[in-house]
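What follows is a single structure, written as structure tokens, with notes after it.
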Amino acid sequence: MADARRDPAAPLRVTLITPEWPGAEHSGGVARYAFRLASELSREVALTVVTVAGNDSDLETVDVMRCKRDSGRFGRYYLLPFRLRKLVRASAPDVVHSFGDDWAIGHRWPLVRTFHGSALREARSSRGLRKVNHLILSVLEHVSAQRADIKIAVGADSQEEFRCDTAMPPVSRLRRSDARSPDPTVVFIGSFHGRKRGSLISNAVEELRSDTVLPIRLVVVGPEDDGANWPEDVDHRSGLSDQEVRELISTSWVLAAPSEYEGFGIPVYEALALGTPAITTHTPGSDFLSSQLDGAEGLIFTDEVGLKTSLRRVLERGPVDHDAIPARQVDPLLRLGSSERLVNELYPEARRRFRRAEARRVQ
């Protein structure tokens, strides 16, 4: 339990629970966001990150604690929370900020919970055991929501489903490149199969190469073991750093993101922030992103049928100047997603709510 007698001059001790954290393997959007947020928070609080072995990226100003990495779906989702609980206790936090997998830790500290999406929504785009797993995880997400002192949504669907206190998109200010690739380049982040629907991009690019004279390059950032699913002429990359991914997006002609579901969709945001057009489908995340932008320059909505046509229009037009997509349009998102909000507003409010709840239990 947080110690009410702690020295008020001492930095706030925050423990961030995030099994997703950059490592040797492909890092998804949650891992990249966690790393960036940790870097920003560590300037103002005493930060401990609780994650799993194999996620070997470190920050000099952050204490990273790792537990055993369980193999298989059951170990990952149903044993891991108990291992994380031990590390959280050892970190002696004033506030726990969880990105998930916190249902086993109890409510011994002020708890801030960020919901990056909805397991129930993911279940609707899944099949078989994956679907069953997401349905069970949905129940556990709601257990976590009931326990949390502050609930944060990264997008509109999470805010609605979990009745979150606020929305805080996973964004940061990005530095644009001055150049584009000399060849028409499409970048895609994700896997060939599954909700990211990389197969649609692969087919669309292959058909466009036949229909046009454009020497189109398709560059994919995804898990190493997914590389074999892509055609040989696809430039498949894995294990890229956060900065390398951003540079790739900034120098490409277009980002393609035809996902079936996104709670927010960091790559689409990053493309617009970096001045690169983004072709995407209507998801809760992309619709929320569009609603918050000051204008929507460079954001192109399509569906499965219109994907190839949208890609063709962008590529035949040629590379756009980065300044054609104004950086200022993402300013509303940057204000909403600043780490200063956590430190100065949300963490203190979580502690106040936790103390009030403790007082009621004592009475």
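The values are calculated or read from the model by the stated rules, or taken from the named source; none is laboratory data. Because the structure is a prediction, the values reported are computed rather than measured. Cβ sites come from the backbone with ideal geometry, for glycine too, and all protein chains shown count toward neighbours. Please note that ligands, DNA and RNA were not included when accessible areas were found on the heavy atoms of the full protein model with its side chains. Shrake-Rupley method; radii C 1.70, N 1.55, O 1.52, S 1.80 Å.
Hey, could you check segment 108-135 for residues that are under 27 Å from V64 (Cβ atoms) and touching a residue at least 60 places away in the same chain (Cβ under 8 Å) and say which is nearest to the chain's Cα centre (by Cα)?
The selected residue is H116.
Give segment 334-363 a look and list any residue that's modelled with pLDDT under 95 and either of a type in the set (A, V, I, L, M) or in contact with a strand residue (DSSP E or B) (Cβ under 7 Å, 6 or more places away or on another chain) (or both), or say none.
L334, L336, A357, A359, V362
Could you list all residues from segment 302-333 that are assigned to a helix (DSSP H, G or I), of a type in the set (V, I, T) and surrounded by fewer than 18 Cβ atoms within 10 Å (Cβ to Cβ)?
Passing the criteria: only T309.
Of (1) open to solvent by less than 10 Å² (accessible area, probe 1.4 Å); (2) in contact with a helix residue (DSSP H, G or I) (Cβ under 6 Å, 6 or more places away or on another chain), G75 satisfies all except one. Which?
(2)
Out of the residues in segment 68-112 meeting the condition of being closer than 24 Å to D242 by Cα and in contact with a strand residue (DSSP E or B) (Cβ under 6 Å, 6 or more places away or on another chain), tell me which one is modelled with the lowest pLDDT.
Step by step, filter segment 68-112, then rank; the result is R69.
Being under 14 Å from the mean Cα position of the chain (by Cα) and open to solvent by 20 Å² or more (accessible area, probe 1.4 Å) is the filter here, so list the residues in segment 144-191 that pass it.
I189
Among residues belonging to segment 274-283 that are in a loop (DSSP other than H, G, I, E, B) and surrounded by 22 or more Cβ atoms within 10 Å (Cβ to Cβ), point out the one that is modelled with the lowest pLDDT.
T283
Answer yes or no: is there a residue in segment 219-230 that is open to solvent by 10 Å² or more (accessible area, probe 1.4 Å), of a type outside the set (F, W, Y), part of a loop (DSSP other than H, G, I, E, B) and farther than 19 Å from P184 by Cβ.
yes
Count, please, the residues in segment 93-111 that happen to be farther than 22 Å from V154 by Cβ and open to solvent by 50 Å² or more (accessible area, probe 1.4 Å).
2
Check off (1) touching a Ser or Thr at 6+ places or on another chain (Cβ under 6 Å); (2) touching a residue at least 40 places away in the same chain (Cβ under 8 Å) for S310 and give me the number that stays unchecked.
Single failed check for S310: (2).
Regarding G239, is this residue within 28 Å of N55 (Cβ to Cβ), open to solvent by less than 50 Å² (accessible area, probe 1.4 Å) and part of a loop (DSSP other than H, G, I, E, B)?
yes
Can you tell me how many residues in segment 166-189 are assigned to a loop (DSSP other than H, G, I, E, B) and touching a strand residue (DSSP E or B) at 6+ places or on another chain (Cβ under 8 Å)?
Count: 4.
Could you please give the count of residues in segment 33-60 that are in contact with a Ser or Thr (Cβ under 8 Å, 6 or more places away or on another chain), of a type in the set (A, V, I, L, M) and in a strand (DSSP E or B)?
3
I need the full set of residues from segment 67-102 which are free of Cβ contacts under 8 Å to residues at least 60 places away in the same chain and in a strand (DSSP E or B), in order please.
Within segment 67-102, C67 is the sole residue that qualifies.
What's the total number of residues in segment 334-350 that are in a helix (DSSP H, G or I) and either within 21 Å of E247 (Cβ to Cβ) or open to solvent by less than 50 Å² (accessible area, probe 1.4 Å) (or both)?
Residues meeting the conditions: 11.
So that you can scan it fast, the table gives a plain yes or no per residue for (1) more than 21 Å from A167 (Cα to Cα); (2) free of Cβ contacts under 8 Å to residues at least 40 places away in the same chain; (3) open to solvent by 10 Å² or more (accessible area, probe 1.4 Å); (4) assigned to a helix (DSSP H, G or I):
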| position | (1), (2), (3), (4) |
| --- | --- |
| L248 | yes, no, yes, yes |
| E260 | yes, no, yes, no |
| G263 | no, no, no, no |
| L272 | no, no, no, yes |
| G285 | no, no, no, yes |
| S291 | no, no, yes, yes |
| A296 | no, yes, yes, no |
